[in-house]
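Please read the structure below before turning to the comments.
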Amino acid sequence: MNAGGGMDGIDRGPGAGEIPLLTVEDLTVGFGGGEDGGMSIPLQGVSLRVPRATRMSLVGESGSGKSLTASAVLGLLPEGARVLRGSIRLEGEELIGADERRMRRLRGGRIAIMFQNPRASLNPVHTVGGQIAEVIRVHSGAGRRESRNRAVDLLDQMGIPDARRRASDYVHQYSGGMAQRAVLAMALSCRPDLLIADEPTTGLDATLQQQVLDLVIEQVKARGASLLLITHDIAIARQTCEQIAVMYAGRVMESGPTEEVTAAAANPYTAALLKAFVTVDRGRMYAIPGTVPTLSGPLAECPFADRCEMVGPECRERVPELRRIGGREVACVKA
Amino acid sequence: MTATADGQAPAVSKPPRRRARAAGRLLRRPAFVVLLLIVLIALFGPFFLGDPLELGPDTLAAPSMQNWFGTDQFSMDIFTRVVHAARLDLLVGFIAAALAVLAGMPLGALAAYRGGAFDTLLLRVSESLQAFPTLLLALGIVTALSPSIPVLVMIIALVNVPVYLRLTRSAVQPLVNADFVLAARCAGKGQFTILRRHVLPNVSEVVFAQFSVNVAWAIQILAALSFVGVGVKLPTPEWGAMVRGGADYMIYGQWWVALFPGLAILATVLTLNQVADEIRHGS
Amino acid sequence: MREGMNGPVLEVGELVKDYVTRDAKLRQRVARAVDGISFAVQPGETFAIVGESGSGKSTVGRVLLKLTDATEGNVHLLGEEILGMPERRFRALRRHIQMVFQDPLAAFDPRATIRSSLREFAGFGGGRSRAEQNRAIDQAIRDVGLPPEISWRRPSQVSGGQLQRLSIARSLLVKPQLLFLDEPTSSLDVSIRGQIVNLLVEIQDREGIAYLLVAHDLRVVYVMAHRVAVMYLGQFVEIGTRDQIYERARHPYTRGLLEAALLDEPARAGDPVRLTGEISEEQVRKPGCRLTPRCPFAEARCDEPQQLRPTGDGRLVRCWKAVEVPVSIGLHGSGSSSEGR
């Protein structure tokens with residue numbers, strides 16, 4: 001546990017200048033108990049890197065730990081969760097153990113977040129424009145009028161028609177799609193380097209989903225920011241992001257350039273997920289047998305072993321490490 | 001009927017046996033244990049003690065080994081009287097609250113399930129009942145009628161009915177169109193079966209928590225009515241009446257006459273409220 | 001018993017469902033969730049209704065099961081008109097039409113064991129002994145690939161996928177002719193979804209049950225459906241066989257939906273269509289095509305009322321352009337069927 005310690009950036013990584021924007025290494029998070037054994041370990045050594053100005057997706061089913069990873073990065077782990085091991089660095093600055101004031105400044109500033117339910121992210125008793133202006137005022141020190149104008153500009157850039165008038169509306173007067181645009185405006189208002197979008201379109205219909213994702217990509221690109229898109233939908237990930245990381249049972253199973261990974265998955269789980277999600281078979285759908293394992297202790301074998309078509313005895317010997325293979329990293333002994 | 005046509009009837013699965021660890025569950029609910037203790041004292045205590053109306057040698061004797069809680073202005077033993085009074089107070093509390101539940105819960109459930117004019121009517125009636133300050137309402141009715149114990153019980157029950165009606169109604173409302181209720185309709189079940197089997201059991205936790213609070217409340221109302229002189233009259237052992245009787249001696253330094261029955265009320269009410277909390281938060 | 005009847009299991013005519021709500025000023029507002037839809041479901045087929053949320057597709061099924069009242073129209077279940085039928089008389093007919101819910105956890109009484117929930121269905125209408133009920137329950141659970149012992153647990157003690165299997169087993173206990181599947185996979189994980197879809201297809205092949213499938217997941221619909229109706233703001237805008245819809249969709253809304261679904265296959269005829277904006281109930285009050293504010297091909301004539309019109313290959317489309325001048329909306333006649341000239 002390097003809590004508190006690594007603030008001075010000892011661990012700057014090998015090649016200078018090539019420090020990724022976000023580095024997560026061996027992140028292990030546990031819930032509850034400890035000694036008495038009532039512990040669950042939903043993150044079992046997650047490692048991933050988000051380079052600057054890159055869109056990366058974090059794909060997984062429920063219980064894979066994808067949202068928890070994002071919470072850990074934001075320093076917003078739920079009650080009872082503890083980081084047992086690992087490190088999270090934003091351009092070399094260790095975030096695990098960083099004090100709450102520092103994290104708060106990062107959250108509104110260099111890291112922005114966009115949640116699934118836009119209505120829950122906006123305060124119902126303040127106008128939409130007022131909230132965004134407030135964020136701008138606090139973070140940039142601009143005056144009231146100036147902040148207000150910038151808020152309206154942002155809403156306009158997000159494609160909200162008649163932005164000046166709509167800025168004075170409350171969130172309940174916005175449709176689902178419009179509300180998610182307003183949340184994006186708020187997230188981008190303090191010019192973040194990293195936008196974390198946690199299932200930003202899951203509650204929306206497909207036709208809207210596409211519009212919102214297009215907007216997110218366009219805005220992130222235009223601002224030179226990075227995107228960490230958390231989604232259960234590998235088809236969305238494929239369409240939106242250059243990089244992909246596939247999670248299962250609290251571990252990254254495979255990560256790399258999206259095109260490479262989706263064209264020929266090296267990890268059988270990625271392959272299964274692609275088949276289940278992307279391939280439509282007539283009269284029959286691809287199904288992965290079995291269920292996701294419960295993470296009540298440290299893993300002893302590949303977590304996908306029970307459901308894998310290619311499983312062999314070597315899969316049961318230990319937890320496969322992420323290995324670099326060409327442009328990607330794969331956690332599978334058979335890869 | 002295709003898959004079962006193989007003739008051999010497969011063994012029917014049996015429910016797993018489960019040891020009820022009642023003791024363990026009780027230990028996690030301390031207030032429940034205390035309440036049980038209070039009830040046991042009320043039930044069996046009087047058998048070990050003397051007549052609560054028996055006069056002793058001294059009036060207003062301070063607490064001693066002889067009279068643990070001292071004696072009152074009539075020279076009766078206060079400890080004996082406090083224990084005896086528990087019977088009456090708890091009985092009135094439980095019966096009044098139970099009557100209120102029996103009337104309020106089905107009405108509230110029906111109001112929510114039926115909706116429409118029936119619902120509106122019930123709601124208005126209960127609102128107008130609740131608009132009166134509880135004690136004032138009770139006071140008014142008691143003075144209009146003659147204050148006997150059954151009358152007191154009925155009145156305390158009556159002022160509590162709207163509480164259950166509204167509570168049950170608001171708890172049932174979200175269940176009316178819950179999928180599992182619709183599923184029961186798909187199984188061809190009628191309105192009353194669904195209410196009894198699926199709706200009421202799912203609101204029972206809320207209602208039982210409220211029940212506990214209401215027993216406490218009923219005891220308080222009874223005590224308050226006795227205190228202002230329209231409830232139970234001395235020398236009948238009842239906590240409120242005893243506090244009333246002892247209050248006059250407080251300023252002369254004979255604190256024990258009012259204090260011990262007062263503490264009994266406090267302990268019982270706190271315990272009941274705590275039990276309500278345990279029901280709400282318990283597993 | 002299926003030999004006797006050759007007609008459709010279910011026939012729906014001009015079904016209308018209004019919801020009456022009150023706004024902040026207590027004025028009555030009528031929202032028309034379903035606006036005059038007609039269709040029939042044949043024995044053993046899967047008829048799917050697709051559309052975005054707010055299209056009214058789930059309401060249709062609930063009206064058919066009489067879980068909510070219809071405003072107008074008629075519904076024949078196995079030839080019998082049921083909309084006007086009093087609840088008490090319909091109760092016996094319920095065995096023919098059952099439902100599988102979207103969220104299996106909400107579909108089971110949280111306090112009861114799964115078995116007692118199943119028993120309610122096993123004992124439908126009475127007349128079965130307890131032992132017979134038990135055997136039927138155990139068999140039904142085995143039929144969906146689970147061990148019968150699981151039924152002694154409570155709903156919160158089994159996984160979502162297992163519970164959805166049990167929900168299917170439950171509705172099959174009464175041997176229905178028609179099963180209304182209300183988004184049966186959308187609360188489940190990707191890897192579990194396929195298991196449920198395959199199970200449903202297997203059951204249909206084995207038992208010959210008809211399905212009315214309501215879903216927004218176009219992959220699931222593609223695998224399960226024989227015929228598909230596309231619904232927008234209470235109306236059907238296109239009805240056809242599955243291949244007609246997926247490979248040669250005509251209506252701009254259908255094409256926009258397919259485009260947004262990010263399907264890999266099948267290959268589709270015509271230019272991709274991207275819809276703008278979002279679904280808005282305001283459009284229901286206007287006489288013309290309800291898609292106009294979102295449609296890239298909209299023009300003045302679209303503000304006239306649109307009817308569902310046949311295109312010559314057996315399908316119905318509610319878009320004059322798609323029927324009369326398909327080329328103008330990017331359909332280049334690449335489909336195998338005639339373009340309905």
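What follows is calculated from the coordinates using simple rules that are stated; it is not laboratory data. This is a predicted model, so every value here is computed, not measured. Note that we place each Cβ from the backbone using ideal geometry, even for glycine, and neighbour counts take in every protein chain shown.
With the biggest extent put first, the Cα atoms of the stretch A:198-267 measure 31, 27, 22 Å across the principal axes.
So if we plug the beta-carbon distance of A:ARG324 and A:ALA120 into 1/(1 + (r/R0)^6) with R0 = 45 Å, what FRET efficiency do we get, rounded to 0.05? Step by step, r from the Cβ atoms, then E = 0.70.
Classify the stretch C:288-335 as rounded, prolate or oblate, taking a ≥ b ≥ c as the square roots of the eigenvalues of its Cα gyration tensor: rounded when a/c is under 1.5, otherwise prolate if a/b is larger than b/c and oblate if not. Note, shape of the stretch C:288-335 comes out oblate.
A Gaussian network model of chain C, with springs between Cα atoms under 10 Å, assigns the largest mean-square fluctuation among C:GLN283, C:GLN42, C:GLN204 to C:GLN283.
Reducing the stretch C:108-155 and the stretch A:30-91 to their Cα centroids gives an inter-centroid distance of 40 Å.
So what's the convex hull volume per residue for the Cα atoms of the protein assembly as shown, in Å³?
245 Å³
Here the stretch B:195-283 is treated as an ellipsoid with the same Cα gyration tensor; its semi-axes, largest first and in whole Å, are 35, 14, 7. Here the mean projected area of the convex hull built on the C-alpha positions of the stretch A:116-191 is 4.4 nm².
Based on the alpha carbons, how large is the Rg to Rh ratio for the stretch C:14-76 when Rh follows Kirkwood?
Rg/Rh for the stretch C:14-76 comes to 1.04.
Straight-line reach from B:LYS189: taking Cα to Cα under 22 Å and skipping same-chain neighbours fewer than 8 places apart, the lysines in range are C:LYS66, C:LYS175.
Per residue of the protein assembly as shown, the DSSP helices (runs of n ≥ 4 H) give a summed -39500 (n - 2.57) that works out to -13000 deg cm²/dmol at 222 nm. Estimated translational diffusion coefficient (Stokes-Einstein, Kirkwood radius over Cα pairs, 10 °C, 1.306 mPa s) of the stretch A:176-335: 91 µm² per second.
From least to most packed, judged by other beta carbons within 10 angstrom and beginning with the fewest, C:HIS251, A:HIS126, C:HIS332 follow the order C:HIS332, A:HIS126, C:HIS251. Taking each residue as 0.36 nm, the span from B:VAL151 to B:PHE192 lengthens on full extension beyond its C-alpha to C-alpha distance by 11.5 nm. The amide H of A:ALA53, built 1.01 Å from its N in the peptide plane, has A:SER226 as neighbours under 5 Å, considering only residues 5 or more places off or on other chains. Gap in Å between the Cα centre of the stretch B:100-161 and the Cα centre of the stretch A:283-313? Measuring centre to centre over Cα atoms gives 59 Å.
The mean sequence distance of close C-alpha pairs (under 8 Å, at least 6 residues apart), as a share of the length of the stretch C:254-329, puts its relative contact order at 18 percent.
Evaluate 2.2 N^0.38 Å with N set to the residue count of the stretch B:187-245, then give the Cα radius of gyration divided by it.
Here the Cα radius of gyration is 1.88 times the empirical estimate.
Under the simplified labelling scheme, the C:ASP264-C:GLU281 pair shows an inter-label distance of 4.0 nm, with each label point 7 Å from Cα along Cα→Cβ. Computed across chain C, the Kirkwood radius stands at 21.3 Å (inverse of mean 1/r, all Cα pairs). Note on chain B: GNM, Cα springs under 10 Å; of B:ALA144, B:ALA86, B:ALA241, the largest mean-square fluctuation is that of B:ALA144.
Annotation for the stretch C:263-330 versus the stretch A:160-222: alpha-carbon center distance of 27 Å. About the centre of its Cα atoms, the stretch A:116-191 shows a dipole size close to 120 debye [charges on the beta carbon of Lys, Arg (+1) and Asp, Glu (-1) only; nearest 20 debye].
Given the stretch B:97-281 reduced to its alpha-carbon atoms as identical point scatterers, what log10 I(q)/I(0) does the Debye formula return at q = 0.09, 0.10, 0.20 Å⁻¹? The computed values of log10 I(q)/I(0) come out as -0.42, -0.50, -1.28. Given a Förster distance of 35 Å, report the FRET efficiency between B:SER64 and B:LEU36 from their Cβ-Cβ distance, rounded to the nearest 0.05. The formula returns an efficiency of 0.70 here.
Normalised by 2.2 N^0.38 Å, where N counts its residues, the alpha-carbon radius of gyration of chain A equals 1.03. Candidate cross-link partners of A:LYS275 among the lysines, defined by an alpha-carbon separation under 29 Å and a same-chain spacing of 8 or more, comprise A:LYS66, A:LYS334, C:LYS57. Once you have the alpha carbon radius of gyration of the stretch A:82-151, what is it after dividing by 2.2 N^0.38 Å, with N set to its residue count? The value comes to 1.39.
When the Gaussian network model of chain A links Cα atoms closer than 10 Å, the mean-square fluctuations of A:MET285, A:MET247, A:MET103 top out at A:MET285. Sorting the Cα pairs of the stretch B:46-91 by distance into bins of 10 Å, from 0 upward, gives 31, 54, 14, 0 percent per bin. Note on the stretch C:254-329: Rg/Rh from Cα positions, Kirkwood definition for Rh, rounded to two decimals, is 0.96. With viscosity set to 1.002 mPa s at 20 °C, what whole-number translational diffusion coefficient in µm²/s follows for the stretch C:200-317 from Stokes-Einstein and a Kirkwood radius over Cα pairs? Stokes-Einstein gives a translational diffusion coefficient of 139 µm²/s.
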